[in-house]
1. Between segment 487-532 and segment 219-257, what's the alpha-carbon centroid distance in Å?
2. Under 5 Å between amide hydrogens, which residues at least 5 positions from His126 or on another chain qualify, with H placed 1.01 Å from N in the peptide plane?
3. What percent do you get for the relative contact order of segment 381-483 when only Cα pairs under 8 Å and 6+ apart count?
4. List every residue whose amide H lies under 5 Å from the amide H of Tyr148, counting only residues 5 or more places away in sequence or on a different chain, with H placed 1.01 Å from N in the peptide plane.
5. For a quick check: sort Asp99, Asp432 by the number of other beta carbons within 10 angstrom, fewest at the front.
6. Below 13 angstrom from the Cβ of Leu285, what's the summed charge of the other residues (Lys, Arg +1; Asp, Glu -1)?
7. Which FRET efficiency value, to the nearest 0.05, is calculated for Lys333 and Lys271 with the Förster distance at 30 angstrom and r the Cβ-Cβ distance?
8. Taking 8 Å as the Cα distance limit and 6 or more residues as the minimum spacing, I'd like the relative contact order of the chain as a percentage.
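Values in this text are rule-based calculations from the coordinates and carry no lab data. Every value quoted in this text rests on a predicted model; they were computed, and no experiment measured them. Neighbour counts run over all protein chains shown; Cβ positions are idealised from the backbone, glycine included.
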Amino acid sequence: MKKQIAELLSSKIDELSAEEIAGLLEVPPKQDMGDFAFPCFRLAKIYHKAPPLIASDIAASIGEQPFLSQIKTAGGYINFFVNRQEYAKQIISEFRAADSFGASETGKGKTICIDYSSPNVAKNFHIGHLRTTIIGNSLYKIFSKLGYKVVRINHLGDWGTQFGKLIVAYKRWGSKEEVEEKGIQELMDIYVKFHQEAEKDPALEDEAREAFAKMEQGDEEYLAIWQWFREISLKEFMRVYNLLDIDFDAYTGESFYRNMTKNVVDVLTEKGLLVESEGALVVRLDDYDMPPCIVAKKDGSSIYATRDLAAILYRKKTYDFDKCLYVTGLEQKLHFAQVFKVIELMGNDYAKDLVHIPYGLVSLKDGKMSSRTGNVIYAEDILKESIGKTSAIIEEKNPDIPEKEEVAKIVGIGAIIFNDLYNQRIKDVVFDWNKLLNFDGETGPYVQYTYARASSVLRKIGDIPEEIDYSLLTDDASLELLKTIERYPDIIVDAASKFEPFIISRYSMDVAHAFNKFYQACQINVSDENLKFARANLVKIARWVIKDSLSLLGMKCPEQM
Ligand code: ARG
């Protein structure tokens with residue numbers, strides 16, 4: 001309908017395309033101001049006339065239209081009132097005609113790499129990594145919906161000097177049994193011990209550097225130990241991915257690039273970009289107001305940035321991406337700015353397609369949580385705690401539903417995801433259990449509950465015929481719900497272009513609100529069959545949109561809760 005209005009207007013306004021007009025069309029805050037409004041202020045300069053005059057001239061030139069019931073002007077606005085019956089028919093038919101409403105082919109033939117989650121081997125998977133995992137997964141779903149081929153890359157932190165330290169620590173104070181029994185926790189403990197001991201005996205640092213240098217040269221004994229640490233860590237990470245139902249296309253961590261870092265140094269040398277600085281090799285970035293990007297340390301070993309440079313060259317060659325996204329905390333902003341700049345200085349124009357997607361910090365409202373160690377909060381603990389708390393709520397509110405455990409998992413995990421994705425990425429996230437698990441608040445459980453309610457209505461009605469008397473869907477609440485549904489395709493495009501999943505979560509909340517208003521205002525299971533079926537059809541569509549939009553966040557929906 002919006003498109004039709006835009007086309008109609010563009011036939012009256014030579015200076016603006018239908019697309020530009022569609023971008024300017026607004027949805028007025030109140031229903032008595034119409035369903036769509038076109039502001040004429042921008043035209044004032046072109047026509048050298050006052051906006052209200054332009055509005056009334058254009059309005060007068062538009063004759064009767066089958067899809068509009070009324071056109072009014074107010075101030076500099078033209079207000080359009082849709083023909084509600086026609087509108088219901090259009091939205092519902094459009095919904096049915098599409099294979100998957102909101103999907104598009106915009107991204108056909110294009111590839112997007114998303115580098116996300118990427119926890120560090122031998123370190124705990126903490127709540128910060130939970131954010132990159134949740135945001136990255138949602139971006140994957142959103143871009144896939146728009147037809148892009150998405151490559152999900154887990155750039156594990158599995159290489160670097162810290163592994164030299166770990167190996168030294170393990171050889172001195174570790175035991176196979178302890179590591180096997182306690183996993184990452186034990187690796188973290190011996191790592192801490194290394195630092196304590198190194199305070200007293202600085203020679204340990206040199207030993208660790210040497211150990212890492214040996215790893216880079218392919219020392220078999222050290223690599224076997226490292227490989228073992230990596231496997232143990234991955235097993236723990238997989239537990240978090242299984243809880244979240246998340247998968248990757250490649251677990252190509254930093255170690256994957258260990259034989260490609262020499263090439264990075266060669267290319268940079270060849271291009272004359274490398275200079276020596278205190279024994280290290282760096283690319284100076286003074287011209288861009290950034291500190292130098294270190295590419296090789298004194299002993300020749302690579303660092304985090306070197307491996308990121310190698311990864312970019314590899315990904316471009318392997319996937320020929322149209323964009324490569326990096327989802328990490330804001331604190332890595334400078335790192336990525338430096339690395340992207342070096343890629344550009346190498347002469348790669350695709351440097352512009354590398355995008356850092358930063359996000360804010362996570363904290364706990366009351367600071368209390370059943371975390372295993374002092375202040376590091378394990379992602380797994382927080383997910384399980386949420387499932388446990390949800391389980392208790394279900395026991396109290398609705399203990400007789402089937403598959404209680406599965407429902408608690410879907411809702412408990414969903415609550416965490418929704419809380420994470422409800423604001424702009426860059427905003428900090430607070431874990432406030434009372435808030436995020438409130439079934440009546442602005443929460444995941446609330447939207448999921450709305451879905452379950454819609455499911456329950458449809459279960460009671462049973463089969464519904466597709467033919468509808470559209471004139472029965474012209475009340476305010478039905479119109480509002482239809483209008484909300486109509487926005488879905490644009491919402492997805494908007495979320496993708498800004499790399500912002502919160503646009504989807506807010507939208508799913510809008511659908512839930514519009515649905516619940518409709519549910520209050522319009523009794524569905526009425527004796528008049530025509531009315532019942534017309535409304536049930538609308539319930540069906542709203543239910544689908546809720547489920548689909550939540551799936552773009554990485555959430556599932558229970559049929560009962
Ligand atoms: N392992 C890093 C960390 O935990 C994140 C890696 C992000 N990706 C990358 N290509 N640098 O902070």
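1. Centre-to-centre (Cα) distance: 40 Å.
2. The answer is Ala379.
3. That works out to 20 percent.
4. Answer set, sorted by chain and number: Gly107.
5. Asp99, Asp432
6. For residues surrounding Leu285, the net value is -2.
7. 0.75
8. RCO, the chain: 14 percent.
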